[in-house]
1. Quickly estimate the mean residue ellipticity at 222 nm for the chain, helices only: each DSSP H run with n ≥ 4 gives -39500 (n - 2.57), and the total goes over all residues, rounded to 500.
2. Would you mind checking which residues have amide H under 5 Å from Phe72's amide H? H placed 1.01 Å from N; only 5 or more apart, or other chain.
3. With viscosity set to 1.567 mPa s and temperature to 4 °C, compute the Stokes-Einstein D of the range 14-125, Rh being the Kirkwood radius across alpha carbon pairs; µm²/s, no decimals.
4. Quick one: if you stick a label point 7 Å off each Cα along the C-beta vector at Ser38 and Ala119, how many nm between them?
5. If I build a Gaussian network model for the chain, linking alpha-carbon pairs within less than 10 angstrom, which residue out of Arg69, Arg28, Arg106 has the largest mean-square fluctuation?
6. Throw me the Rg/Rh for the range 40-100, computed over C-alpha atoms with Kirkwood Rh, two decimals.
Amino acid sequence: MPQRLAPGRFPLLAGELLDSGGDPVAARDAAGRLDVGSLRDRPLDTLSGGQLQRVFLARALGAVAAGARVLFADEPTAALDFAGQEQVAALLAALPVTMVVISHDRTTTRACDRVAEMAAGRLRLV
């Protein structure tokens, strides 16, 4: 799950992204549960930050359903309101995979089994 789209304009639709994630049926189902299922025909660059995060999460859930065992998530709760942050954190915490989560949000990291912080060029385990 990237934090945001790469610079430039690539005309990918939300539905095309969902269908590329391993198990398209599971990704579409997850998109519906995350309230972005109706955005399938929208170009990614027209989505709000929160909508984009939810589409990326739905795609990741499709990959997990297809057998992915590791998920990398860069700022997975960025651009989400408080309710959305809680929903995404709960979904991620329930996944049966190893996750590497990069986040500035301590609420998100509280759900993690192990946390390492980077400060002043040093890494420390919390």
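1. Numbers: 5 runs with 50 residues, N = 126.
Rounded to the nearest 500, the figure is -11500 deg cm²/dmol.
2. Here the answer is Val100, since their amide H atoms fall under 5 Å of that of Phe72.
3. 89
4. Computed distance between label sites Ser38 and Ala119 equals 4.4 nm.
5. Arg106
6. 0.97
Only the coordinates and a few stated rules stand behind these numbers; no lab work does. Quick caveat, the model's predicted, so the values are computed rather than measured. Every residue, glycine as well, gets a Cβ built from its backbone with ideal geometry; the counts of neighbours run over all protein chains shown.
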